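**Q** Before I ask anything, here is the structure I am working with.
The values are calculated or read from the model by the stated rules, or taken from the named source; none is laboratory data. Predicted model, so just to flag it, every value in this text is computed and none were measured. Note that we place each Cβ from the backbone using ideal geometry, even for glycine, and neighbour counts take in every protein chain shown.
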Amino acid sequence: MTTLPGAIDDLCRVPAARSRLGWLWLAALLLRQVAVFSAAAAPAPDAIVALDGSGAYASVQDAISAAPMRTGHDEPRWTIFVKAGTYRERVYVQRERGNISVVGEDAAKTIITYDLHASLPGPDGKPIGTFRTPTVQIDGDGMIWENLTLANSAGPVGQALALRVDGDRVIFRHCRFLGWQDTILVNRGRQYFSDCYIEGHVDFIFGAATSYFDHCHIHCLKDGYVTAASTPEGQPYGFVFADCQLTGADGVKTYLGRPWRNFAKTVFLRTAMSAVVRREGWHNWDKPAAEKTTWYGEFASTGPGAGSTARVPWAKVLNAEEAAAFSPVRVLAGSDGWNPAKP
């Protein structure tokens, strides 16, 4: 196989490469070469999921259930590749199955979806409630999810989770989360969301975990609240949104958050906020006492919905030094020094 340096030497001998058009042509060919060499270097997945029968499994759950039980930090990672398709199923990752990567072929075309909602009757005839509705529920630690859509397709019928996470050190990259009310429950542990798309309308990112949203797109479908943190008293961090964008459907207005529990912590750093954000920014959930215990802040917001003198007086405006304390490494380090860049 031709080496990448050899390919560069060969291409540079071409006369056209000495013109501007030639350099563009050369750059395109080099990108294709890099893609080829990168693909060759990527390790083969341990399991493949495909609806057309071309993989070992036809469902994501079956592939996860067949993965080895690995919970140690240094145990090798098990990789599951999911081919494009719409997988109508519920997925549960038990605590004993850690260190698994689930990688989709294409985030927009590799979809895991189901449609449970809180008002549906259970076996006892009573409503199943919010916490039994997730399409994907993760109890295992050290997971990585990439290039996937996780959706709850129940629609505007009340609480309906696309994702519930109780696992620690869980990473989501280039994923899409679709729902209405309560799209994502980060219940406990630490999670890192990078370059993800999240949509909903009421409390659609909620829970007690320490969760970092890095360069994510948050989209509001209807009037409501983006976050509803329930950060435990004494926990140093709750939700952090850094370098994100916040948009909404035409005419929609939203609050950045309200405290599900009274010690909620949520911070927005360098976030581009459209006019969807209400001028007051935050809501106290009709609990005046929570204004003294919540920790809500912003730094360097931009756009029509950015912080102004109309923000509620009990929310904080951070300076550069204070904002610097909210780096992913610092927020997510915990007692074991976890760095999501080195999972």
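**Q** Somewhere in the stretch 132-142, is a residue touching a strand residue (DSSP E or B) at 6+ places or on another chain (Cβ under 9 Å), among the aliphatic types (A, V, I, L, M), in a loop (DSSP other than H, G, I, E, B) and closer than 26 Å to Y237 by Cα?
**A** no
**Q** Within the stretch 186-218, how many residues are over 8 Å from the mean Cα position of the chain (by Cα), farther than 17 Å from A162 by Cα and acidic (D, E)?
**A** Residues in the stretch 186-218 being over 8 Å from the mean Cα position of the chain (by Cα), farther than 17 Å from A162 by Cα and acidic (D, E): 1 in total.
**Q** Separate question: Scan Y212, Y237, Y225 and give me the residue that is in a loop (DSSP other than H, G, I, E, B), farther than 20 Å from T149 by Cβ and modelled with pLDDT of 95 or more.
**A** Working: Y212 fails: in a loop (DSSP other than H, G, I, E, B); Y225 fails: in a loop (DSSP other than H, G, I, E, B).
Unique residue meeting the criteria: Y237.
**Q** Could you tell me how many of the residues in the stretch 245-262 are surrounded by fewer than 18 Cβ atoms within 10 Å (Cβ to Cβ) and part of a strand (DSSP E or B)?
**A** Selection size over the stretch 245-262: 1.
**Q** Hey, another quick one. Can you name the number of the only condition in (1) touching a Ser or Thr at 6+ places or on another chain (Cβ under 8 Å); (2) surrounded by 14 or more Cβ atoms within 10 Å (Cβ to Cβ); (3) modelled with pLDDT of 90 or more that G98 fails?
**A** Every listed condition holds for G98 apart from (3).
**Q** If I filter the stretch 128-164 down to residues being closer than 14 Å to R97 by Cβ and within 11 Å of the chain's Cα centre (by Cα), which single residue comes out as surrounded by the most Cβ atoms within 10 Å (Cβ to Cβ)?
**A** Just the residues of the stretch 128-164 that are closer than 14 Å to R97 by Cβ, to begin with: 136-145.
Keeping just the survivors that are within 11 Å of the chain's Cα centre (by Cα) gives 144-145.
Details: I144: 19, W145: 27.
Once the filter is applied, the top-ranked residue is W145.
**Q** Next question, about the same structure. Could you list, in sequence order, all residues of the stretch 284-312 that are among the hydrophobic types (A, V, I, L, M, F, W, C), within 11 Å of F268 (Cα to Cα) and part of a loop (DSSP other than H, G, I, E, B)?
**A** If we filter the stretch 284-312 for residues that are among the hydrophobic types (A, V, I, L, M, F, W, C), which is where we start, we get 285, 289-290, 295, 299-300, 306, 310, 312.
Checking the rest, the ones that are also within 11 Å of F268 (Cα to Cα) come to 299-300, 306.
Matches in the stretch 284-312: A300, A306.
**Q** Considering the stretch 63-94 alone, what residues qualify as being among the acidic types (D, E) and either in contact (Cβ under 8 Å) with a residue 24 or more places away in the chain or surrounded by 14 or more Cβ atoms within 10 Å (Cβ to Cβ) (or both)?
**A** Taking the stretch 63-94 as the starting set, the residues that turn out to be among the acidic types (D, E) are 74-75, 89.
Correct list: E75, E89.
**Q** If the Cβ limit is 7 Å and pairs must be 6+ apart or interchain, which residue in the stretch 153-180 that is of a type in the set (D, E) pairs with which residue that is part of a loop (DSSP other than H, G, I, E, B) and at pLDDT 95 or above?
**A** Close Cβ pairs satisfying both conditions: D166/D139; D166/N187; D166/R188; D166/G189; D168/D141; D168/G189.
**Q** Got at least one residue in the stretch 320-339 being within 16 Å of T227 (Cα to Cα), part of a loop (DSSP other than H, G, I, E, B) and assigned by TED's automatic domain parsing to the domain that holds A242? Steps first, please.
**A** Looking only at the stretch 320-339, we keep the residues that are within 16 Å of T227 (Cα to Cα), and these are none.
No; the residues of the stretch 320-339 include none that is within 16 Å of T227 (Cα to Cα), part of a loop (DSSP other than H, G, I, E, B) and assigned by TED's automatic domain parsing to the domain that holds A242.
**Q** Now for a different question. Only one residue in G125, G98, G104 is out of contact with any helix residue (DSSP H, G or I) (no Cβ under 8 Å at 6 or more places or on another chain), under 19 Å from G189 (Cα atoms) and in the same structural domain as S54 (by TED's automatic domain parsing). Which one? Give the derivation first.
**A** Working: G125 fails: under 19 Å from G189 (Cα atoms); G104 fails: under 19 Å from G189 (Cα atoms).
On inspection, the qualifying residue turns out to be G98.
**Q** Quick check: is even one residue across the stretch 135-144 among the hydroxyl-bearing types (S, T, Y) and over 20 Å from G200 (Cβ atoms)? Can you show your working first?
**A** If we filter the stretch 135-144 for residues that are among the hydroxyl-bearing types (S, T, Y), which is where we start, we get 135.
Cutting the leftovers down to over 20 Å from G200 (Cβ atoms) gives us none.
Within the stretch 135-144, none of the residues are among the hydroxyl-bearing types (S, T, Y) and over 20 Å from G200 (Cβ atoms).
**Q** Look through A324, A272 and report the one residue that is over 30 Å from D74 (Cα atoms) and surrounded by fewer than 16 Cβ atoms within 10 Å (Cβ to Cβ). Let's see the steps before the verdict.
**A** Numbers: A272 fails: surrounded by fewer than 16 Cβ atoms within 10 Å (Cβ to Cβ).
Going through A324, A272 in turn, just one is over 30 Å from D74 (Cα atoms) and surrounded by fewer than 16 Cβ atoms within 10 Å (Cβ to Cβ): A324.
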